[in-house]
Amino acid sequence: MKIAILSRNKKLYSTRRLIAAAQARDHEVAVLDVVRCYMNITSMRPSIHFRGEDQSGFDAVIPRIGASVTFYGTAVLRQFEMMGVYPLNESVAITRSRDKLRSLQLLSRKGIGLPVTGFANCPDDVEDLIKMVGGAPLVIKLLEGTQGIGVVLAETQKAAESVIEAFMGLKANILVQEYIREAGGADIRCFVIGDKVVAAMKRQAQAGEFRSNLHRGGSASLIKITPEERSTAVRAAKVMGLNVAGVDLLRSNHGAVVMEVNSSPGLEGIEAASGKDIAGMIIEFITRNARPHHTRTRGQG
Ligand code: ADP
């Protein structure tokens, strides 16, 4: 097969691993920097060029689109879909998962366990909003944040009010969430491929920190998850329409709750913690499923 990887940098661990896994299985692979792809939007013969060369003839495309280039990156991916190339994750699903609020609404509609979460626009409503989500302590999150930046723990009602008012004053979109203290600064990253959790790791925040992101100094270790956690993670990925996803869970008093569904989960932490060839599993999933024009949405919606 001929596989394109949409990635800004071929030296990144995940990209390198995917290239190696594809080549080890005798596939041809090309890395395209998504912001350097350009396209013509025609109904007759949609096409994509990269550095002056026509990029037709791919059987599958693996999107590794960073949060900062979501808008352009998903447009390029949609163009590949219109050309009939099989996407590992569809553009519509990626767009969905990048909107934290929309994701939570979709997951809640399907009855998936979530931390109690609120959202408001006007500072006048803050007091009642805090009451709605059960009062302090609360976690306040910037909707545009990633890697734990813009995630704040407010221990008291007063602290929560000031932080929310400050963010709102800056016109930042935020959500306000029940603090799952019993998670003890740990979360669980479930790596989903198709209808299976192929590996799971626990990420533990460093002392004095509640955010377990590896970028915030968290440490990863292997963890055994329960059948309920397994099925929650698989269902969450399915609701988002993602074939491959990193589903982050917190263990709460009311069962496993989904914090986030990531559409470009990194491979480095999970391969190191599990010792598994996750890149190889992704390539094999593509081999089993790739067919021309095999998308749920065909770029619609
Ligand atoms: P980001 O997308 O920026 O990584 P997250 O929503 O994943 O933001 O939050 C970062 C970290 O903060 C999580 O990995 C988790 O450890 C912690 N965290 C987030 N929300 C909660 C919560 N409601 N209760 C307890 N801890 C939380």
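What the table below lists for this structure:
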read-out	value
Whole-percent carbon and sulfur share, accessible surface of the range 117-179, 1.4 Å	54
Theoretical FRET efficiency, 1/(1+(r/R0)^6), r = Cβ-Cβ of Leu143 and Lys238, R0 22 Å, to 0.05	0.40
Förster radius 45 Å - calculated FRET efficiency between Lys276 and Arg36 (Cβ-Cβ, nearest 0.05)	0.90
Antiparallel DSSP beta bridges within the chain, percent to nearest 5	80
Under the Karplus curve 6.51 cos²θ - 1.76 cosθ + 1.60, θ = phi - 60°, whole-Hz ³J(HN,Hα) for the range 33-46, x wherever Gly or Pro sits	6, 4, 6, 9, 8, 9, 9, 10, 9, 10, 7, 6, 8, x
Per residue value of the accessible surface for the range 182-286 (all protein chains in place, 1.4 Å probe), Å²	40
Residue-span extension gain [Lys171 to Asp124] - 0.36 nm each, minus C-alpha spacing	15.5 nm
Charge dipole (the chain, unit charges on Cβ, about Cα centre) - positive-most of Tyr72, His215, Ile174	Tyr72
Solvent-accessible area per residue for the range 117-179 (1.4 angstrom probe, square angstrom)	52
Selected from Leu143, Leu242, Leu170 as most flexible by GNM, with the chain as the system and alpha-carbon contacts under 10 Å	Leu170
DSSP-assigned coil residues among trypsin sites (Lys or Arg not before Pro) in the range 79-124, each with at most 14 further Cβ atoms within 10 Å	Lys110
Mean Cα-pair separation over length for the range 182-286, i.e. relative contact order, pairs under 8 Å, 6 or more apart, %	29
Total charge dipole magnitude, the range 179-232, about the Cα centre, Cβ charges on Lys, Arg, Asp, Glu only, Debye to nearest 20	160
Ratio Rg/Rh, restricted to the chain and using Cα atoms, in which Rh is the Kirkwood radius	0.99
Computed over the chain: relative contact order in percent, which uses C-alpha pairs under 8 Å that are six or more apart	20
R0 of 41 Å, Cβ-Cβ distance Gln206-Arg288: FRET efficiency to nearest 0.05	0.55
Per residue accessible area in Å² of the range 1-116, where ligands, DNA and RNA are left out and the probe is 1.4 Å	48
Options Ala160, Val197, Ala183, ranked by Cα towards positive dipole end of the chain, top entry (Cβ charges)	Val197
Value of Rg/Rh across the range 117-179 [Cα atoms, Kirkwood radius]	0.91
Set of the range 250-282 residues, backbone N closer than 19 Å to the point 7 Å along the Cα-Cβ line of Arg25	264-268, 270-272, 275-282
Apportionment of accessible area to carbon and sulfur, the range 182-286, percent (1.4 Å)	48
Share of carbon and sulfur in the accessible heavy-atom surface of the range 1-104 [1.4 Å probe, %]	51
Cα centroid separation, the range 1-27 to the range 153-172 (Å)	43
Nonlocal amide H pairs with Val29, under 5 Å, H built at 1.01 Å	Ile3
Rule-of-thumb Rg ratio for the range 182-286 [Cα; 2.2 N^0.38 Å; N residues]	1.01
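The values are calculated or read from the model by the stated rules, or taken from the named source; none is laboratory data. Only a predicted model underlies this, so the values are computations on that prediction, with no experimental measurement involved. All Cβ positions, even for glycine, are placed from backbone atoms using ideal geometry, and neighbour counts span all protein chains on display. We work out accessible area using only protein heavy atoms, side chains counted, and drop any ligands, DNA or RNA first. Shrake-Rupley method; radii C 1.70, N 1.55, O 1.52, S 1.80 Å.
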